[in-house]
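The values are calculated or read from the model by the stated rules, or taken from the named source; none is laboratory data. Remember, it's a predicted structure, so these values are computed and weren't measured experimentally. Here the Cβ is made from the backbone with ideal geometry for all residues, glycine too, and neighbour counts use every protein chain on show. Keep in mind that these areas ignore ligands, DNA and RNA; they rest on the heavy atoms of the full protein, side chains included. Shrake-Rupley method; radii C 1.70, N 1.55, O 1.52, S 1.80 Å.
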Amino acid sequence: MKQKRFDTWKRIRSIGKGRFIFDTICIFYCIVSITTTLVDLWPDGKFLNYGNFLTKVIIFFVFGYIVALIAWNNNEKEFKKASTIENIPV
């Protein structure tokens with residue numbers, strides 16, 4: 001892990017696991033679900049199909065939670081490995 005990435009992860013790590021997962025889900029995956037739903041529905045002449053929209057939001061929310069959890073665990077593993085190798089206090 002390079003120093004810049006190490007410092008960035010140290011800053012992100014300080015906000016906590018729950019906040020990281022929440023931010024990742026809300027900022028990225030919910031925006032993606034809203035955007036894909038609107039793009040899918042726009043050409044059909046339908047303004048909004050709430051069942052389709054809600055289904056996509058739930059799917060993206062669950063998928064986002066899993067991806068955020070995996071990202072947290074992978075970054076945490078690299079961070080601890082790098083801090084052990086370089087004798088940097090965690």
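Would you list K2, K81, K56, K17 from the most to the least accessible area, probe 1.4 Å?
K2, K81, K17, K56
Taking packing as the residue-averaged number of other Cβ atoms within 10 angstrom, the listed peptides 3-14, 68-79 run from highest to lowest as 68-79, 3-14.
Taking a sphere under 13 Å around the Cβ of I12 and counting the other residues whose Cβ falls inside, with K and R at +1 and D and E at -1, yields a net charge of +3.
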